[in-house]
Amino acid sequence: MKKLLSLIVALMMVLGIAASAGAITIGFSQIGQESDWRTANTDSVLAAVEAAGWEMVYSDAQQKQENQVQALRNFISQGVDYILFTGVVSTGWDEVLKEVNEAEIPLILLDRMPEQSTLDAIDYAAAFGGDFVEEGRRMAYWTANYVEKIGKADEELNVVILEGTTGADAATGRQEGIMEVLANYPNLKVIASQTGNFTRAEGQAVMESFLKAHDKIDILLAHNDDMALGAIESIKAAGKDPGEDIIIVGCDAPKTAFDAIIAGDMNATIECTPLYGPFVVAALEKLIAGEAMDKTLIHPEEGAFDAEGGIVYSADGRVTEKAADKIGERLY
Ligand code: GZL
């Protein structure tokens, strides 16, 4: 009996090792948990990889580049089969991504992209992320349209901007798009622009400093909704009415932003979908099947949302479908 038992245990161990040896492992170097967007992005990718039956080796870098470099090197030494990567900033990745290439581990770039010189110097199988410049344009165009709609197109209005993480293309891109469009509206004057690092707490603190430094603030453009939601707290604490005294436009479109819009505390949010899971699985399935892929940066379909749009939430609070025909149309 004892012999049979030890035989069964040995057999299970061999099968276990074989199974893990056969299982495809995906290393995912994620930036952190700085925003609702990031959390939803992580949830989407991890759920999709698990549903596909693959093994996930997940690393949360807590918004530190050095942690991401270490995570990528760990993935190489662990011998993962594929790597998913979004860098907290755009620079400083050449050396470690070349090490990934030398280890011949296929690389999929998500969300924030390394700078172009790095993209030109490395191999990667696929790239998927928001069109940040266009998102910035939409923030500014929505604002200009709204200012005209409320009859203030001829007034000089003071604009403050809460920027995302310094050096991240999500921030530099949105800022570029915003400034490109605001150049067409000389009555919309940017009087302050500062990073809030994509977090609610820092958005609240920077907005508080803006309010102390400037008597007249008419418009807040926030590179993400978390900073806008933090700023709303400071605006209320200063005795002003967010969404009325100060027009507030954010970006990302998480449920929390829709709640603020419905409450009248915020005026609009530009969509930047975090739901990358389906793209990641489709790309990995192609790689596993040995299908050729190209390096074209693929942008997801994105819309813009304001109080006039009809909105349907999924069970987990994410926007899953755009209910009204107004939703998703270009607002300019
Ligand atoms: C955009 C993403 C940004 C979000 C923020 O794709 O990189 O990072 O806009 C998040 O909410 O922190």
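When the range 155-181 is filtered for residues that are modelled with pLDDT under 95 and either in contact with a Leu (Cβ under 7 Å, 6 or more places away or on another chain) or closer than 11 Å to ALA222 by Cβ (or both), nothing remains.
ILE150 satisfies every condition listed in (1) open to solvent by 30 Å² or more (accessible area, probe 1.4 Å); (2) hydrophobic (A, V, I, L, M, F, W, C); (3) under 22 Å from the mean Cα position of the chain (by Cα) except (3).
Looking only at residues of the range 17-38 that are more than 11 Å from the ligand (Cβ to nearest atom) and assigned to a loop (DSSP other than H, G, I, E, B), we find that the one that is modelled with the lowest pLDDT is ALA23. Scanning the range 213-249 for residues that are in contact (Cβ under 8 Å) with a residue 40 or more places away in the chain and outside any loop (DSSP other than H, G, I, E, B) yields a total of 11. A single member of SER59, SER90, SER77 is in the same structural domain as LEU46 (by TED's automatic domain parsing), at pLDDT 95 or above, among the hydroxyl-bearing types (Ser, Thr, Tyr) and under 10 Å from GLY27 (Cα atoms), and it is SER59. Which numbered condition trips up SER193, out of (1) surrounded by fewer than 19 Cβ atoms within 10 Å (Cβ to Cβ); (2) among the polar types (S, T, N, Q); (3) touching a Ser or Thr at 6+ places or on another chain (Cβ under 9 Å)? (3) is the only condition that SER193 fails. Total residues in the range 196-210 satisfying the condition of being surrounded by 21 or more Cβ atoms within 10 Å (Cβ to Cβ) and more than 13 Å from the ligand (Cβ to nearest atom): the figure is 4.
Taken over the range 166-190, the criterion of being more than 16 Å from the ligand (Cβ to nearest atom) and open to solvent by less than 70 Å² (accessible area, probe 1.4 Å) is satisfied by VAL181, LEU182, TYR185, ASN187, LEU188, VAL190. Of all residues in the range 118-150, those satisfying the criterion of being at pLDDT 95 or above, more than 16 Å from the ligand (Cβ to nearest atom) and in a loop (DSSP other than H, G, I, E, B) are ILE122, ASP123, TYR124, ALA125.
The values are calculated or read from the model by the stated rules, or taken from the named source; none is laboratory data. Just so it is clear, the structure is predicted and the values come from calculations on it, not from any experiment. So basically every Cβ, Gly included, is an ideal-geometry build from the backbone, and we count neighbours across all protein chains shown. Accessible surface is based on the protein model in full, side chains and every heavy atom, while ligands, DNA and RNA are left aside. Shrake-Rupley method; radii C 1.70, N 1.55, O 1.52, S 1.80 Å.
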